[in-house]
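The values are calculated or read from the model by the stated rules, or taken from the named source; none is laboratory data. As the structure is a computational prediction, the values presented were derived from the model and not from experiment. With ideal geometry, Cβ positions are generated from the backbone for all residues, glycine too; neighbour counts draw on all protein chains shown.
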Amino acid sequence: MEIARAVTNARESAESVRMLTLFTTAKAFEGHFAVIQYNALRSWKLLGRDVEIILFGEDGGSAEAAKELGLRHEAEVAKNEQGTNLVNYMFEKAQEIAKHELVCYVNCDIVLTSEFRAAAMRLRPWGQRFLMVGRRWDVEITEPLDFTQSDWEERVTQHAKTRGFQRLYYNIDYFLFTKGLYKEIPPFAIGRLMWDNWLVWKAHEMGAPVVDASAAVCAVHQNHDYSHHAQGTQGVWDGAEASGNIEMGGGLSHRRTIEDSTYRMTASGEIEKNRWYWLAPGKRRARSAKRAVAGWIRTKMWHPVLDATRSARHAMGLKKEAMPKALRRKVKRHWQDV
């Protein structure tokens, strides 16, 4: 009996060593951000007792949240002149201190379920360097999730898929990779442009397989505003830090997305080659040209027609609000995914 127990303990210990370390950084735990960040962190805790979670930074409430949830708290983190946490510090430190061989950066507003753990376990036996990424599902969540319900996973994923939108390939919110994959990363500002695209490009550059797990993992992104930045959305996407990230990342030539993944994981967990990944750059150029043409038509032709006929249309009651719902164009994607 003792020998059997020792063998079982040794096996469980070996499995734990090969399991998973998640790391992240949070905004101040205030208002809506407190709700969604606690939701995210609690969902990660439920991935298993052998999952390590590292919370970087000392933004308001981080230490208290880490203590309450039993997370490893790393208060010290390098920042840029604007006080934004730096990607390179967190990735390098996490790989240095992680207990496990699989490490994953996840944005602190993402709810994960057992689908994520299952996907990680499918890749673990590869025995080679890799990067796993996936598209997220955006949905409104304003209240704490009830994790005491046995079907909480089904509830939250169903809510995301029926009330939310699966974002396009350039929205990357988690990066699962083998420890040691990233050795030198530019000092990107977290939460701004380019750093996520650069990580995918770097994996390609090193010859590491990039796996798109979008079909197998429903990563639930809880919508939020951008009040954490003084200039709001404009500051996050078009500010000096965004421009600096693009410059440090080598510009558009080093921009890659989930669409560039060399492998795909199916809904059943099978891993297959993405034989057409090399078409991704051409697709991006085609979409960019399409947006430019559509923008020209909209501003130079369609808007003048609308302006010229507005009085007549309104007199006849031809307003968008007056149209039957059945005739209105159904929105199939997020408003930011153009």
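Out of curiosity, is Glu143 closer than 24 Å to Gly191 by Cα and modelled with pLDDT of 95 or more?
yes
Checking the condition buried (at least 18 other Cβ atoms within 10 Å of the Cβ), assigned to a helix (DSSP H, G or I) and assigned by TED's automatic domain parsing to the domain that holds Gly134, which residue from Glu247, Glu259 passes?
Going through Glu247, Glu259 in turn, the sole match is Glu259.
Provide a single number: the residues in the stretch 154-172 that are surrounded by 20 or more Cβ atoms within 10 Å (Cβ to Cβ), of a type in the set (D, E, K, R) and at pLDDT 95 or above.
Selection size over the stretch 154-172: 0.
Residue check: is Glu92 of a type in the set (Asp, Glu), touching a residue at least 12 places away in the same chain (Cβ under 8 Å) and either in contact with a Ser or Thr (Cβ under 9 Å, 6 or more places away or on another chain) or surrounded by fewer than 22 Cβ atoms within 10 Å (Cβ to Cβ) (or both)?
Yes: the conditions hold for Glu92.
Can you spot a residue in the stretch 262-274 that is of a type in the set (A, V, I, L, M, F, W, C), surrounded by 21 or more Cβ atoms within 10 Å (Cβ to Cβ) and at pLDDT 90 or above?
Yes, that holds for at least one residue.
Considering only residues of the stretch 96-108 that are of a type outside the set (Ser, Thr, Tyr) and out of contact with any Asp or Glu (no Cβ under 8 Å at 6 or more places or on another chain), which is modelled with the lowest pLDDT?
Among those that are of a type outside the set (Ser, Thr, Tyr) and out of contact with any Asp or Glu (no Cβ under 8 Å at 6 or more places or on another chain), it is Glu101.
Pull up the stretch 298-333, narrow it to residues that are closer than 30 Å to Arg256 by Cβ and loosely packed, with under 11 Cβ neighbours inside 10 Å, then point me to the one that is modelled with the lowest pLDDT.
If we take residues in the stretch 298-333 being closer than 30 Å to Arg256 by Cβ and loosely packed, with under 11 Cβ neighbours inside 10 Å, then Val331 is modelled with the lowest pLDDT.
Among (1) within 17 Å of the chain's Cα centre (by Cα); (2) surrounded by 16 or more Cβ atoms within 10 Å (Cβ to Cβ), there is one condition Thr84 misses while meeting the rest; what is its number?
(1)
What pairs come out if I take residues in the stretch 195-220 that are not assigned by TED's automatic domain parsing to the domain that holds Tyr263 and surrounded by 24 or more Cβ atoms within 10 Å (Cβ to Cβ) and pair them with residues that are aliphatic (A, V, I, L, M) and modelled with pLDDT under 95 whose C-beta lies under 9 Å away, six or more apart or interchain?
Pairs found: none.
Quick one: which residue in Ala98, Ala213 is of a type in the set (Gly, Ala, Ser) and closer than 22 Å to Ile258 by Cβ?
From the options Ala98, Ala213, the qualifying one is Ala213.
When you scan the stretch 26-46, how many residues do you find that are touching a residue at least 24 places away in the same chain (Cβ under 8 Å), part of a helix (DSSP H, G or I) and of a type in the set (Gly, Ala, Ser)?
The total comes to 3.
State all residues of the stretch 137-172 that are among the β-branched types (Val, Ile, Thr) and either in a loop (DSSP other than H, G, I, E, B) or not assigned by TED's automatic domain parsing to the domain that holds Asn107 (or both); if no residue qualifies, say none.
Hits for the stretch 137-172 are Ile141, Thr142, Thr148, Ile172.
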